[in-house]
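**Q** Below are the structure tokens for one structure; questions will follow.
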Amino acid sequence: PAVTSPCKILKCNSEFWAATSGSHHLGAEEAPEFCTALRAYAHCTRRTARTCRGDLAYHSAVHGIDDLMVQHNCSKDGPTSQPRLRTLPPGDSQERSDSPEICHYEKSFHKHSATPNYTHCGLFGDPHLRTFTDTFQTCKVQGAWPLIDNNYLNVQVTNTPVLPGSSATATSKLTIIFKSFQECVDQKVYQAEMDELPAAFADGSKNGGDKHGANSLKITEKVSGQHIEIQAKYIGTTIVVRQVGRYLTFAVRMPEEVVNAVEDRDSQGLYLCLRGCPLNQQIDFQTIRSAQATEGRARRKGPSLPAPPEAFTYETATAKCREKLPVEDLYFQSCVFDLLTTGDVNFMLAAYYAFEDVKMLHSNKDKLHLYERTRELAPGNVAPTGTHPTLWVALLCLSWLCLL
């Protein structure tokens with residue numbers, strides 16, 4: 001069955017935006033109408049409060065409503081019927097193209113230094129994480145987890161089981177909060193869910209709001225319902241969000257200076273793109289892959305689980321992944337792992353697009369492909385993933401010679 005979120009904050013946000021679009025251009029006589037819409041917005045958030053407790057967009061909306069109530073002298077008591085819909089008048093700030101220098105990262109932060117060093121983080125598939133330090137992990141991380149948390153933005157993902165009773169999870173929800181920054185941008189929230197990849201922020205806007213440098217934050221729709229790109233020039237950051245099949249992928253290019261811009265790094269807590277997944281959440285798919293290759297089937301031994309949509313063997317999964325990923329790196333291995341654990345061919349496309357995003361976003365073209373490091377051999381260990389069979393035989397022969 002489809003996994004749907006009971007939190008309806010996106011609906012509350014869009015209804016409020018539709019009711020008040022352009023109202024900031026109207027005279028004071030329209031204030032009562034704005035307050036009516038604001039009360040309706042508050043009422044909507046209260047109705048969904050119980051199911052939105054851990055949702056960043058919900059808490060952002062609640063704080064925003066309180067601020068707007070004070071700014072517009074709105075009473076919390078009064079009518080809550082929705083006012084008429086409005087459209088933005090010509091010449092609205094959404095169309096401005098000029099921005100102050102402070103809203104262009106490379107111009108403002110690096111006047112007297114070299115080009116900033118950019119880093120990359122990506123999350124895709126079941127789920128696989130590539131951190132800012134180019135560490136590659138496969139994780140469980142079911143539920144809500146923070147990907148990024150610094151002075152400029154927060155990113156949170158929610159991962160849900162792909163099949164009932166399965167340990168395979170994938171990203172079903174993504175929330176990005178861009179914090180208000182000087183004269184550049186207002187606080188903006190972007191939220192995507194399964195089968196819903198908006199081409200706008202939660203309030204319906206496509207840039208940073210009413211500030212002078214609003215266009216230093218923009219959303220561009222690349223493929224409707226499948227691929228959006230967010231440019232945050234004021235922090236030199238590019239974010240790519242895709243829906244592949246029914247699940248989401250995330251990729252970001254961010255300067256190291258922004259990555260490390262935190263008040264107190266030691267007490268910051270978990271932040272997957274920087275610190276990686278906790279050890280108890282990591283999956284050693286090298287061992288699982290070896291077992292699956294030996295068994296020649298997708299499911300592990302144990303209690304019977306629901307059959308995946310298409311049953312892949314190790315050989316058929318390998319052949320399928322080679323169609324899109326000819327280099328047998330960790331993206332290829334992730335593809336094979338995901339086909340075996342889910343049976344969903346869309347996970348092959350997720351690995352393919354994740355690597356395409358790396359090619360576009362990673363600043364060091366020599367680090368595009370990642371391979372697992374050779375591990376020290378111990379009794380019961382399997383051959384390191386990615387090691388050529390001939391090399392593995394040679395290493396085994398050498399070890400016997402040493403014993404002789």
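**Q** Anything in the stretch 202-240 that is crowded, with 23+ Cβ neighbours inside 10 Å, at pLDDT 95 or above and under 17 Å from residue 173 (Cα atoms)? List them, or say none.
**A** Correct list: 239 only.
**Q** Still on this model: Which number in (1) open to solvent by less than 10 Å² (accessible area, probe 1.4 Å); (2) assigned to a strand (DSSP E or B); (3) farther than 23 Å from residue 67 by Cα marks the one condition that residue 141 misses?
**A** All conditions pass for residue 141, except number (2).
**Q** Then there is this: Mind telling me which of the residues 361, 368, 377, 349 ends up being surrounded by fewer than 17 Cβ atoms within 10 Å (Cβ to Cβ) and either among the β-branched types (Val, Ile, Thr) or at pLDDT 70 or above (or both)? Before you say what the answer is, go through the steps one by one.
**A** Values: 361 fails: surrounded by fewer than 17 Cβ atoms within 10 Å (Cβ to Cβ); 377 fails: either among the β-branched types (Val, Ile, Thr) or at pLDDT 70 or above (or both); 349 fails: surrounded by fewer than 17 Cβ atoms within 10 Å (Cβ to Cβ).
None of the other options fit; the residue is 368.
**Q** Here is a follow-up. Within the stretch 191-234, track down each residue that is out of contact with any Phe, Trp or Tyr (no Cβ under 8 Å at 6 or more places or on another chain), more than 23 Å from residue 157 (Cβ to Cβ) and not basic (Lys, Arg).
**A** Residues satisfying the conditions are 207, 209, 210, 212, 214, 215.
**Q** For the condition part of a loop (DSSP other than H, G, I, E, B) and either in contact with a Lys or Arg (Cβ under 7 Å, 6 or more places away or on another chain) or surrounded by fewer than 17 Cβ atoms within 10 Å (Cβ to Cβ) (or both), what is the one hit in 158, 115? Don't jump to the end; show me each part of the working.
**A** Values: 158 fails: part of a loop (DSSP other than H, G, I, E, B).
After applying the criteria, what remains is 115.
**Q** OK, next. Quick one: count up the residues across the stretch 315-335 that are open to solvent by 60 Å² or more (accessible area, probe 1.4 Å) and among the hydroxyl-bearing types (Ser, Thr, Tyr).
**A** Number of matching residues: 1.
The values are calculated or read from the model by the stated rules, or taken from the named source; none is laboratory data. Not measured: the values here are computed from a predicted model. In this analysis, Cβ positions are derived from the backbone assuming ideal geometry, glycine residues included, and neighbour counts consider all displayed protein chains. These accessible areas exclude ligands, DNA and RNA; they are computed on the full protein's heavy atoms, side chains included. Shrake-Rupley method; radii C 1.70, N 1.55, O 1.52, S 1.80 Å.
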